[in-house]
Amino acid sequence: MIPGFPHAMPVEGFAGGLLIGLAAAVMLLGLGRIAGVSGMAARATGIADTGAPRGLAVAFVVGLPLGALLVSLLAGGVEVRFPPSVWPLVIGGLLVGFGTRLGSGCTSGHGVCGLSRLSRRSMVATGLFMASGFVTVALLRMGGLL
Amino acid sequence: MKQNLTALAAGLLFGAGLAFSGMADPARVQGFLDLFGNWDPTLAFVMGGAMIPMALAWLVQRRMASPLAVSKFSLPGTVQLDRPLAVGAVLFGMGWGIAGLCPGPAIADLGIAPLAVLPFVGAMFAGMALHRVLTR
């Protein structure tokens, strides 16, 4: 527990982070590719027609919910708290889908894989989407929407 | 076959890591972005944890002629910073803050809270398709 932040999960977060990094390492060293979820999802659905082989993208994308389900079954449930209204999900989803395609990546591709590669593009993208997220949530809070 | 099984294993590990770390929970992710509210630093620990295997993997990758399961590396080679990168990242950050979800956790949540996450996933694919149509 971190003093002042009783709700934080530093140990589980760090351990889960190691698993995520291991997954990305398997993708890099095994298949020679970036484990970028937005790119793989676009490729798996056929929205993108270049990138990883379709079967590979589908297999990776199908693994994500199965891995989460496995942890949920073993741990007796995983806490997931969604916004009370559907609108933040719809508006947020549209922005995330459009933005990750335009910006060539998301938290996994630019964040986990790109930062650890010291890619300049990924450092800029990660700095911008984090800053944008902080400002957006601050504005939501100011506007009484949180 | 070997390729697809390797990708499935990577996906399973990734999804398990997201669920175990608390990152499948939109409220926790939004809590990290909420600097002026009840700030939750968990996401920083997740990022820190993920950097360790990946930093090592990049060091190993430099000494490898080819990946283990396929004949060659297929890695992004773009180096220049451009407007689409910046605008895309800013739009993505806005959506991330509004919903508390990015693509990995959203798809992982299909395994544990499918009905709750479906509106986000549907809208996300619609946004991706819209980008494809506009940039054709």
Assess whether B:ALA106 counts as being assigned to a helix (DSSP H, G or I), closer than 16 Å to A:PHE82 by Cβ and within 7 Å of chain A (Cβ to nearest Cβ).
no
Scan the stretch A:8-30 and tell me whether some residue there is in a loop (DSSP other than H, G, I, E, B) and facing another protein chain (nearest Cβ under 7 Å).
yes
Residue in the stretch B:25-37 that is farthest from B:GLY15 (Cα to Cα), counting only those that are at the interface with another protein chain (Cβ under 7 Å from one of its Cβ atoms) and open to solvent by 10 Å² or more (accessible area, probe 1.4 Å):
B:PHE36
What do you reckon, is A:GLY39 open to solvent by less than 40 Å² (accessible area, probe 1.4 Å) and over 23 Å from B:VAL60 (Cβ atoms)?
no
Could you run through the stretch A:31-49 and say how many residues are under 20 Å from B:THR135 (Cβ atoms), of a type outside the set (D, E, K, R) and not in a helix (DSSP H, G or I)?
4
Output the residues belonging to the stretch A:43-88 that are under 16 Å from B:LEU118 (Cα atoms) and touching a residue at least 24 places away in the same chain (Cβ under 8 Å).
A:VAL61, A:LEU64
Among all residue pairs at least 6 apart or on different chains, which show Cβ distances below 6 Å where the first residue, located in the stretch B:47-69, is free of Cβ contacts under 8 Å to residues at least 12 places away in the same chain and the second is open to solvent by 50 Å² or more (accessible area, probe 1.4 Å)?
B:PRO53/A:LEU22; B:TRP58/A:ARG117; B:SER66/B:LYS72
For the stretch A:83-117, enumerate the residues that are under 29 Å from B:LEU56 (Cα atoms), facing chain B (nearest Cβ under 7 Å), part of a loop (DSSP other than H, G, I, E, B) and not basic (Lys, Arg).
A:GLY103, A:SER104, A:CYS106
Are any residues in the stretch A:109-135 open to solvent by less than 20 Å² (accessible area, probe 1.4 Å) and within 17 Å of A:GLY92 (Cβ to Cβ), and if so, which ones?
A:PHE129, A:SER132, A:GLY133
For the structure I just gave you, tell me whether A:SER122 is touching a residue at least 24 places away in the same chain (Cβ under 8 Å) and polar (S, T, N, Q).
no
Could you grab me the full set of residues in the stretch A:50-82 that are part of a helix (DSSP H, G or I), more than 7 Å from every other protein chain (Cβ to nearest Cβ) and not aliphatic (A, V, I, L, M)?
A:ARG54
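The values are calculated or read from the model by the stated rules, or taken from the named source; none is laboratory data. Because the structure is predicted, anything quoted here is derived from the model rather than measured. Don't worry about glycine lacking a Cβ; one is built from the backbone with ideal geometry, like all the others, and counts go over all protein chains shown. Side chains included, ligands, DNA and RNA excluded: accessible areas come from the protein's heavy atoms. Shrake-Rupley method; radii C 1.70, N 1.55, O 1.52, S 1.80 Å.
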